[in-house]
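Undergrad: Starting off with a structure, shown below.
The values are calculated or read from the model by the stated rules, or taken from the named source; none is laboratory data. Just so you know, these numbers come straight off a predicted model, no measurement behind them. Virtual Cβ from ideal backbone geometry, glycine too; neighbours counted across all protein chains shown. Each accessible area value is taken on the protein alone, full model and side chains, heavy atoms only, with ligands, DNA and RNA left out. Shrake-Rupley method; radii C 1.70, N 1.55, O 1.52, S 1.80 Å.
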Amino acid sequence: MRARERRKRLWSMLFPAVAGVLVLIWTLYGFMHISPFAATWDEVDFALALTRFDLLTMQPHFPGYPYFVLGAMGLSRFMPEPIQAYGAWNLLLTASSCVPLWLLTRRILSCFWSAIVGCLVLTSPCL
């Protein structure tokens, strides 16, 4: 019985670490493939807000503009294009959402399935 408990404890510590490494690899892969082009008008509005912030022309629109513009402004110092800064900020926010998602699902599911849910959400096509 003790061996089974030790194995269960090892899996409960090891699997979240492995899932964390996979999330980190996913994030690094995403950084290597950030598009320099805007895919939607939303991205255009937010990218224009980095250079000329104007609420009267709805650049950008509510409700998320403070978070996206401030974060992308911080990253725009390290990125060559505003669109890439916006994409990098979206990538960082998406990757950081995996931790609260894991903690929420951990209340209902086992450690293994909670990590699977987090990885599935990150790799879903809509993101």
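Undergrad: Check whether at least one residue in segment 91-106 is open to solvent by less than 50 Å² (accessible area, probe 1.4 Å), touching a Pro at 6+ places or on another chain (Cβ under 9 Å) and aliphatic (A, V, I, L, M), and report yes or no.
TA: No - not one qualifying residue is present in segment 91-106.
Undergrad: Another one. Pick from segment 15-31 the residues that are over 16 Å from Ile116 (Cα atoms) and of a type in the set (A, V, I, L, M, F, W, C): which of them is surrounded by the most Cβ atoms within 10 Å (Cβ to Cβ)?
TA: Phe31
Undergrad: Give all pairs with beta carbons closer than 6 Å in which a residue from segment 1-29 that is closer than 28 Å to Leu91 by Cα meets a residue that is open to solvent by 60 Å² or more (accessible area, probe 1.4 Å) and in a helix (DSSP H, G or I); count only pairs at least 6 apart in sequence or on separate chains.
TA: Matching pairs, first to second residue: Phe15/Phe112.
Undergrad: For segment 104-116, state whether one or more residues are touching a Phe, Trp or Tyr at 6+ places or on another chain (Cβ under 6 Å) and among the small types (Gly, Ala, Ser).
TA: Yes, that holds for at least one residue.
Undergrad: Sort through Pro36, Pro80 and tell me the only one that's surrounded by 10 or more Cβ atoms within 10 Å (Cβ to Cβ) and modelled with pLDDT of 75 or more.
TA: The unique qualifying residue is Pro36.
Undergrad: Another one. Out of segment 39-55, which residues are of a type in the set (A, V, I, L, M, F, W, C) and either over 24 Å from the mean Cα position of the chain (by Cα) or open to solvent by 60 Å² or more (accessible area, probe 1.4 Å) (or both)?
TA: Once the filter is applied, which keeps residues that are of a type in the set (A, V, I, L, M, F, W, C) and either over 24 Å from the mean Cα position of the chain (by Cα) or open to solvent by 60 Å² or more (accessible area, probe 1.4 Å) (or both), segment 39-55 yields Ala39, Trp41, Phe53, Leu55.
Undergrad: Still on this model: Just for segment 56-77: of the residues that are in contact with a Phe, Trp or Tyr (Cβ under 8 Å, 6 or more places away or on another chain) and at pLDDT below 70, which one is least open to solvent (accessible area, probe 1.4 Å)?
TA: Only one residue tops the list, namely Pro60.
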